[in-house]
Amino acid sequence: MRVSGQEYLRLSHLRQVNRVVETPSVASIATAPARNGGASQVEISAEAMDVQRVIGMVAKQPDIREEIVASLRERIEKGTYAVSGRDIGEMMFRRLMADRVA
């Protein structure tokens, strides 16, 4: 899974905010008494749950994908790794567009 630089920073920020806001559990929050004596309720949107799921998936990914690095290293050492200027330009454009979407 490839994540653009801006998207990575956005997700990192969300993880940091989540750590600051994180409380014991959703179940205990939903049933905890409010300050005014009434019961407080918390609803978690499907979108928020999806964001949490994606954050968890990204957090589990290694920073360096060793299998890809090994494959590239082998191709470079053999002299079979060649990248055209067009390929580089296309990847730069894709990254630019991915960062704009985020």
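Structure notes:
- The stretch 89-102: number of residues that are of a type in the set (Gly, Ala, Ser) and at pLDDT 90 or above: 1
- Ile64 vs. criteria part of a loop (DSSP other than H, G, I, E, B), under 23 Å from the mean Cα position of the chain (by Cα) and surrounded by 10 or more Cβ atoms within 10 Å (Cβ to Cβ): no
- Candidate set from the stretch 89-102 (those that are within 18 Å of the chain's Cα centre (by Cα) and either assigned by TED's automatic domain parsing to the domain that holds Leu9 or among the charged types (D, E, K, R) (or both)); member that is nearest to Leu9 (Cα to Cα): Asp99
- Residues of the stretch 56-88 classified as among the β-branched types (Val, Ile, Thr), modelled with pLDDT of 90 or more and closer than 24 Å to Leu9 by Cβ, total: 3
- The sole residue among Val69, Val83, Val51, Val58 that is free of Cβ contacts under 8 Å to residues at least 24 places away in the same chain and either aromatic (Phe, Trp, Tyr) or assigned to a helix (DSSP H, G or I) (or both) is Val69.
- Residue match in the stretch 17-35 (condition: more than 21 Å from Asp99 (Cα to Cα), surrounded by 10 or more Cβ atoms within 10 Å (Cβ to Cβ) and modelled with pLDDT of 65 or more): no
The values are calculated or read from the model by the stated rules, or taken from the named source; none is laboratory data. Bear in mind that the values here come from a model prediction, so they are computed numbers and not experimental data. Don't worry about glycine lacking a Cβ; one is built from the backbone with ideal geometry, like all the others, and counts go over all protein chains shown.
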